[in-house]
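Structure, as structure tokens:
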Amino acid sequence: MNQTQTPEDFDRARRELREAGRNLWLAGLGAVAEVEEGSRDWHQLFDRLVERGRPVDERQRKAFEEVGERTGTTVREMKKLFEDTVQYESKSLLKRLGLMTRDDVNVLAARIDSLAAQVDELVASYAIASQEPTAAAPPKSRPRARKTEPKS
């Protein structure tokens, strides 16, 4: 049940449960009065009252479960709303303070991973290039010596 419950709905359900409980109490008192009067055999009366009480009990149980489900749904929705609000406000506060948020850290980590992959590719390409045999490379020449002027 995803419908929003109002305080009036809870009050109505509570009144219905209270009324059903009161009716059960009155039925019990009526049973005692019947037994006291002795107008019927008390075993037959007891069996009849048990049978009449079963549907009432079932209705009350269903009403109680329904209220419990509604309450549980409302609590879960409120929890989610609270969590979302705290997360939003925290992110907003961190941004105002100039601090990194979780999203910022995730973006930065993705960029670092991308750069690390590019560096790995570059290192691999240099390693392959250094292993390839080259044609007779000209000997390295020495740098020329500078002429120095005699000191006078």
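Which residues, taken from the range 99-117, are polar (S, T, N, Q) and at pLDDT below 95?
101, 106, listed by residue number.
Given the criterion farther than 21 Å from residue 5 by Cα, assigned to a helix (DSSP H, G or I) and not polar (S, T, N, Q), identify the matching residue among 63, 109.
The unique qualifying residue is 109.
The values are calculated or read from the model by the stated rules, or taken from the named source; none is laboratory data. Just so we're clear, the structure is a prediction, and the values are computed from it rather than from any experiment.
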